[in-house]
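A.B. asks: Once you've had a glance at the structure underneath, I'll fire off some questions.
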Amino acid sequence: MSLLIEKPGLLTTVQDLGRFGVQKYGVIVSGAMDAFALRLANLLVGNAEGEAGLEITLLGPVIRFEQTALISLCGGDLSPKLNGIPVPLWRTVLAPKGSTLTFGPAKLGCRAYLAVGGGIDVPVRMNSRSTYLRAGIGGYEGRSLVAGDQLSFGEMTPRGSHLLASLAREASKESGAFSRWAVFPEILPKYAANPIVQLIPGEEYDLFQEQSQLDLWQEQFAVLPQSDRMGYRFKGRQLQMNQSKEMISSAVTMGTVQVPPDGNPIILMADRQTTGGYPKIAQVASVDLPLLAQTNLGARVRFRKITLQEAQRQLIERENAIQTLRNGLEQLETSKR
């Protein structure tokens with residue numbers, strides 16, 4: 001099975017959950033900006049959570065399915081339509097052969113994730129199929145997709161084949177079929193145009209002036225146009241240290257909040273460097289990384305201070321909810337055999 005890119009959209013790339021195990025060689029992780037959305041999209045089509053899908057940014061592509069496909073769209077609401085019919089997010093969808101998937105205005109969020117039964121079948125580069133655009137590594141020829149690109153699917157799992165057969169009994173040639181069930185809304189991230197993001201104080205938090213510490217929690221910070229998959233740059237009240245101090249470069253991760261000399265924070269994202277030398281004032285709680293991934297340029301973000309223990313508790317709750325979804329999908333497969 002395969003799909004054809006008729007129009008590429010603003011930025012459409014192949015992404016999985018990232019390229020791990022090679023950071024010691026200076027190779028960045030990459031992967032989906034909103035890993036939660038990609039994980040759930042894959043589960044909904046019977047894939048392993050780490051299979052490669054499409055990350056669609058802000059202005060979506062036009063995609064034609066050359067074979068009947070099992071798909072799911074999760075993450076930001078970019079007004080998807082299948083043959084002109086609105087596609088519900090966070091559900092399993094059957095796309096008939098010859099059908100066309102289009103996108104409209106971004107209603108909420110800025111990145112949607114398209115998973116297909118069997119996953120997007122591109123070569124594995126250093127343990128991942130993710131695209132790293134700056135180095136031209138991974139994905140489809142190391143680049144964003146363009147008109148005329150044809151992507152193949154991998155082999156569907158038994159669960160995916162079961163879901164496809166189930167929906168095929170209800171599908172029409174024109175509109176396909178949507179599952180009657182969807183992901184429970186309470187487990188989804190609270191996407192918002194101007195989100196409140198939880199932070200854990202970082203290694204160098206105590207080196208910042210007391211007023212700057214207060215400003216971090218009390219002021220709004222605007223997302224600058226220079227933001228991208230490497231990191232989000234913010235403009236707000238400048239954050240100042242008690243005294244300038246030369247920092248030794250150390251490991252960073254997605255969500256690390258660094259403060260360069262100009263006092264405007266940077267939050268590192270999926271295409272972050274492997275080490276950083278700016279002081280680390282905070283770390284985004286893992287459970288809130290999807291909120292940042294779906295925050296658009298110009299948005300105003302507030303930060304809320306939490307403890308490491310609270311961040312861990314929230315992450316455990318979300319992972320338990322995802323496990324409940326896995327269990328539900330298994331039961332759905334078993335009950336309809």
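A.B. asks: Give me the accessible area of Ser250, 1.4 Å probe, in Å² rounded to the nearest 10.
C.D. replies: Answer for Ser250: close to 40 Å² accessible.
A.B. asks: In units of 2.2 N^0.38 Å, what is the alpha-carbon radius of gyration of segment 213-337? Walk me through the numbers on the way to the answer.
C.D. replies: Details: Rg = 18.0 Å, N = 125, 2.2 N^0.38 = 13.8 Å.
Against the compact-globule rule of thumb, the ratio is 1.31.
A.B. asks: Find the Cα radius of gyration of segment 1-85, compare it with 2.2 N^0.38 Å by division, and give the number to two decimals.
C.D. replies: Relative to the 2.2 N^0.38 Å estimate, segment 1-85 comes out at 1.18.
A.B. asks: Next question, about the same structure. Quick one: net charge around Gly31, please, counting Lys, Arg +1 and Asp, Glu -1 for every other residue with C-beta under 15 Å from its C-beta.
C.D. replies: On the way: positive: Arg19, Arg39, Arg111, Arg125, Arg129, Arg134, Arg229, Arg272; negative: Asp16, Asp34, Glu49, Glu51, Glu55, Asp228, Asp271.
Taking every Cβ under 15 Å from that of Gly31, the sum is +1.
A.B. asks: Ordered by residue, what ³J(HN,Hα) values in Hz, to whole numbers, does segment 189-205 give under the Karplus form 6.51 cos²θ - 1.76 cosθ + 1.60, where θ = phi - 60° and Gly and Pro are x?
C.D. replies: Working through the residues one at a time gives x, 8, 4, 8, 4, 10, x, 9, 10, 7, 10, 9, x, x, 4, 9, 3 Hz.
A.B. asks: If I require 27 Å or longer along the helix axis, counting alpha carbons, and a Kyte-Doolittle average no lower than 1.6, what helices from the chain are left? Use full DSSP H segments. Walk me through the numbers on the way to the answer.
C.D. replies: On the way: long enough: 308-335 (40 Å, -0.95).
Helices meeting the span and hydropathy rule in the chain: none at all.
A.B. asks: What nm value, rounded to one decimal, do you get for the distance between Ala147 and Trp217 when each label is placed 7 Å out toward the C-beta?
C.D. replies: 5.3
A.B. asks: What is the distance in Å between the Cα centres of segment 1-38 and segment 79-122?
C.D. replies: That distance is 17 Å.
A.B. asks: Ordered by residue, what ³J(HN,Hα) values in Hz, to whole numbers, does segment 70-83 give under the Karplus form 6.51 cos²θ - 1.76 cosθ + 1.60, where θ = phi - 60° and Gly and Pro are x?
C.D. replies: So the J values, rounded to whole Hz, are 9, 9, 8, 10, 9, x, x, 8, 9, 6, x, 9, 10, 6.
A.B. asks: Relative to 2.2 N^0.38 Å, what does the C-alpha radius of gyration of the chain come to as a ratio? Two decimals please. Could you put the intermediate results ahead of the total?
C.D. replies: On the way: Rg = 20.5 Å, N = 337, 2.2 N^0.38 = 20.1 Å.
Output field value: 1.02.
A.B. asks: Give me the orientation-averaged projected area of the Cα convex hull of segment 1-150, in nm², one decimal.
C.D. replies: Values: hull surface 31.1 nm².
The directionally averaged projection comes out at 7.8 nm².
A.B. asks: Multiply the residue separation of Glu66 and Lys190 by 0.36 nm, subtract the distance between their alpha-carbon atoms, and state the gained length in nm to one decimal. Intermediate results must be reported in sequence, preceding the final value.
C.D. replies: Values: separation 124, 0.36 × 124 = 44.64 nm, distance 3.51 nm.
Gain on stretching Glu66 to Lys190: 41.1 nm.
A.B. asks: Something else about it: Test of understanding: extend the Cα→C-beta vector of Asp262 to 7 Å, then name every residue of segment 198-242 with backbone N under 19 Å from that spot.
C.D. replies: The answer is 216, 220-241, whose backbone nitrogens lie closer than 19 Å to the label point.
A.B. asks: Then there is this: Roughly how many Å² is the accessible area per residue of the chain, as a whole number, for a 1.4 Å probe? Before the final figure, lay out the partial values.
C.D. replies: Details: 14850 Å² over 337 residues.
Normalised by residue count, the accessible surface of the chain is 44 Å².
A.B. asks: Hey, can you grab everything whose amide H is under 5 Å from the amide H of Val197? Only 5+ residues off in sequence or another chain; H modelled, so Pro and N-termini drop out.
C.D. replies: Counting only residues 5 or more places away or on other chains, the set is Arg302, Phe303, Arg304.
A.B. asks: Please arrange Met241, Met230 by accessible surface area, largest first, computed with a 1.4 Å probe and ligands excluded.
C.D. replies: Details: Met241 40, Met230 65 Å².
Most to least solvent-accessible, the answer reads Met230, Met241.
A.B. asks: By a straight-distance test (C-alpha under 18 Å), which lysines pair with Lys235 as possible cross-link partners, with residues fewer than eight away in the same chain excluded?
C.D. replies: Those lysines meeting the cut-off are Lys280.
A.B. asks: Name the residues whose placed amide hydrogens come within less than 5 Å of the amide hydrogen of Cys110, ignoring near sequence neighbours (fewer than 5 apart) on the same chain.
C.D. replies: Gly76
A.B. asks: What FRET efficiency comes out for the pair Ala182/Lys97, r = Cβ-Cβ distance, R0 = 25 Å, nearest 0.05?
C.D. replies: Values: r = 25 Å, r/R0 = 0.98.
About 0.50, to the nearest 0.05.
A.B. asks: Could I ask something else about it? If each residue of separation counts as 0.36 nm, what is the full-extension length gain between Asn242 and Ile316 once their alpha-carbon separation is subtracted? Mind showing how you got there, number by number?
C.D. replies: Details: separation 74, 0.36 × 74 = 26.64 nm, distance 3.60 nm.
Stretched out fully, the Asn242 to Ile316 stretch lengthens by 23.0 nm.
A.B. asks: Using a cut-off of 30 Å between alpha-carbon atoms, which lysines can reach Lys81, once sequence neighbours fewer than 8 places away in the same chain are excluded?
C.D. replies: Candidates past the 8-residue exclusion: Lys7, Lys97, Lys107, Lys173, Lys190, Lys336.
A.B. asks: Leaving out ligands, DNA and RNA, what percent of the accessible area of the chain is carbon and sulfur, probe 1.4 Å?
C.D. replies: Numbers: 7630 of 14850 Å².
Solvent-exposed carbon and sulfur of the chain make up 51 percent of the total.
A.B. asks: 222 nm [θ] for the chain, helices only, -39500 (n - 2.57) per DSSP H run of 4+, per residue, to 500?
C.D. replies: On the way: 5 runs with 63 residues, N = 337.
Computed ellipticity for the chain at 222 nm equals -6000 deg cm²/dmol.
A.B. asks: Ordering Trp90, Trp181 by how much accessible area each has at a 1.4 Å probe, largest first, what is the list? Could you put the intermediate results ahead of the total?
C.D. replies: Working: Trp90 25, Trp181 70 Å².
Listed by decreasing accessible area, they come as Trp181, Trp90.
The values are calculated or read from the model by the stated rules, or taken from the named source; none is laboratory data. Note that the coordinates shown come from a computational prediction; the quantities given were computed from them, not determined experimentally. Backbone-built Cβ (ideal geometry, glycine too); neighbour counts: all protein chains shown. Each accessible area value is taken on the protein alone, full model and side chains, heavy atoms only, with ligands, DNA and RNA left out. Shrake-Rupley method; radii C 1.70, N 1.55, O 1.52, S 1.80 Å.
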